[in-house]
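Just below is one structure, and these are the notes that go with it.
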Amino acid sequence: MSDNESENETLMALKAELGDQALEELGEEKVVSMYKDMVRIRRFEDQAGRAYQQKKVKGFCHLYTGQEACAVGAINALRDDDNVIAAYREHGHALARGLDPDRVMAELFGKAAGVTNGKGGSMHLFNVDKNFYGGWAIVGGHLPVAAGMAFATEYRDLDEVTMCFFGEGSIHQGVFHEAANMAEVYDLPVVFVIEDNRYAMGTELSRVSAVTDLKKKAKAYDMKAFGADGQDMFDVWSTSKDAVDYARNESRPALIHLDTYRYKGHSMTDPATYRDKDEVADEQRRDPIQRMSNWLVDQEIMADDDLSEIDEAAKEMASDAVDFADQADFPDLDSLTDDVYVDWPWEIR
Ligand SMILES: Cc1ncc(C[n+]2csc(CCOP(=O)(O)OP(=O)(O)O)c2C)c(N)n1
């Protein structure tokens, strides 16, 4: 075997013992369904990108391609009654949380059938029934909201955890430090998940950050920090489970750093000239879906034909979502000022 081949094999290998742990704790069916979710996210994003180019999606659109293991691994460490909140690159989190792909696509298209009634668009997906609280466009803006949500559960004596996803670009925003400090001072069960895809728009982390091991940021707030390979679904799941258990059982905040990579430009209008094609190709050698496909075949859980079937089903799901969104109506002009102020629809617990 050449050096290159053996390096490729190492990059492709998942942490085998964590795969065994997942099979034992989750069962084969659940592990396969998590794999399917990653494939569905990838195919959904293919269609979202295409629809954007056809001008069916207006405004901003940030694709999640390459980062699928982060959302799927981490969200599957939660209970249904836990809370999830994310930034604007959140199509993957929404789908991993179980939002209906038809309604998510319709939201991208600005249609009334969308999850935010067509008024939020790509960056503001939301679904209270799934405890999915956005979709936030301001970098770092949702971190104090996450701390507030965790405060609310703590105040009501519930044992729910709030999981908050954000990019490494948030780490130098003042709100990260304010939210982290408050979370620790008030013992809030919130898990901050940094999806470090190396770039904040066109700026690589090392160019702007004196500290690049972002787990160290937790130390300043005496917060427990965890780290995982963001391209290994099992590593993300197992690490997230540890962090979530800690947050729930100790009622304390935690920080997870995920080492991941985005394959596409920052948004649909970014040609990504700040990095060369070789770098992207190099990163794709640890592709989270390919790694899981290999593992499933190695474990004799699936054959190549089964994997192709899963991919075909995911493509069909994504193109059906586009058809649904195409056929849906835009919101009525009369509804323009609806939902500006809301009646509190939930019983205060
Ligand atoms: C407060 C604020 N400043 C600047 C922007 C413009 N902006 C949008 S995305 C982005 C980069 C953020 O990168 P990162 O947090 O790493 O997330 P990623 O896009 O990589 O998922 C910037 C600077 C913004 N939306 N909000």
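The values are calculated or read from the model by the stated rules, or taken from the named source; none is laboratory data. These numbers come from a predicted model, not from an experiment. Don't worry about glycine lacking a Cβ; one is built from the backbone with ideal geometry, like all the others, and counts go over all protein chains shown.
Data for the structure
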read-out	value
The lone exception for G265 - which of (1) at pLDDT 95 or above; (2) away from the ligand (no atom under 12 Å from the Cβ); (3) not in a helix (DSSP H, G or I) it fails	(2)
Pairs where the first residue, in the range 1-15, is surrounded by fewer than 10 Cβ atoms within 10 Å (Cβ to Cβ) and the second is at pLDDT 70 or above, C-beta under 8 Å, 6+ apart	M1/E9
2 or more residues in contact with a strand residue (DSSP E or B) (Cβ under 7 Å, 6 or more places away or on another chain) and within 16 Å of the ligand (Cβ to nearest atom): qualifying strands (runs of 3 or more DSSP E) within the range 146-229	162-167, 190-196
Output for the range 160-210, where each listed residue is modelled with pLDDT under 95 and over 30 Å from T273 (Cα atoms)	none
Every pair of residues 6+ apart whose Cβ atoms lie under 9 Å, when the first sits in the range 273-288 and is in contact (Cβ under 8 Å) with a residue 24 or more places away in the chain and within 25 Å of D235 (Cβ to Cβ) while the second is of a type in the set (D, E) and assigned to a helix (DSSP H, G or I)	R285/E7; P288/E68
Residue count for the range 101-145, restricted to those that are closer than 22 Å to L255 by Cα and within 16 Å of the ligand (Cβ to nearest atom)	12
Hits in the range 58-75 - residues which are among the aliphatic types (A, V, I, L, M) and not in a loop (DSSP other than H, G, I, E, B)	A69, A71, V72, A74, I75
From the options V280, V340, V297, residue that is of a type in the set (A, V, I, L, M, F, W, C), assigned to a loop (DSSP other than H, G, I, E, B) and surrounded by fewer than 21 Cβ atoms within 10 Å (Cβ to Cβ)	V340
Residues satisfying the stated conditions in the range 40-57, i.e. in contact with a helix residue (DSSP H, G or I) (Cβ under 7 Å, 6 or more places away or on another chain) and either farther than 16 Å from G121 by Cβ or in a helix (DSSP H, G or I) (or both)	R40, I41, R42, R43, F44, E45, D46, Q47, A48, A51
Restricting the range 40-93 to residues that are under 22 Å from L18 (Cα atoms) and surrounded by fewer than 23 Cβ atoms within 10 Å (Cβ to Cβ), the residue that is farthest from the ligand (Cβ to nearest atom)	R79
